[in-house]
1. When only residues in the range 31-81 that are without any contact (Cβ under 8 Å) to a residue 40 or more places away in the chain and part of a strand (DSSP E or B) count, which is surrounded by the most Cβ atoms within 10 Å (Cβ to Cβ)?
2. Looking only at the range 4-30, filter to residues that are in contact (Cβ under 8 Å) with a residue 60 or more places away in the chain, in contact with a helix residue (DSSP H, G or I) (Cβ under 9 Å, 6 or more places away or on another chain) and assigned to a helix (DSSP H, G or I); which one of those is farthest from residue 74 (Cα to Cα)?
3. Among the residues of the range 32-70, which ones are more than 20 Å from residue 8 (Cβ to Cβ) and of a type in the set (Gly, Ala, Ser)?
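Just so it is clear, none of the values below were taken in a lab; they were calculated from the coordinates. Keep in mind the model is a prediction, meaning the values are calculated, not measured. For neighbour counting, all protein chains shown are included, and Cβ atoms are generated from backbone atoms with ideal geometry for every residue, glycine included.
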Amino acid sequence: MERIKTSTHVVGLKQTKKALEAGLAELVFIARDADAHVVIPLEKLCEVKKTEVVYVDNMKELGKACHIDVPTAVATIVKDA
């Protein structure tokens, strides 16, 4: 999780899906307390795109790691352009 603090990343479901679909996602972080209707389709997309998923204990912790003041269900490290 330290890696997301210092890497180029995007936060949130929509931005993560865009990064995955564009082939820019290196690593996806998913909070364990995120709603299943968010997590399950994202896990399937990560599987299709062969992108590694790391699970984080909770949304608050993930938000903090991303330097935002709100909890987030997902975040993604993206490849530098």
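1. 53
2. Checked the range 4-30; the qualifying residue farthest from residue 74 (Cα to Cα) is 5.
3. 34, 36
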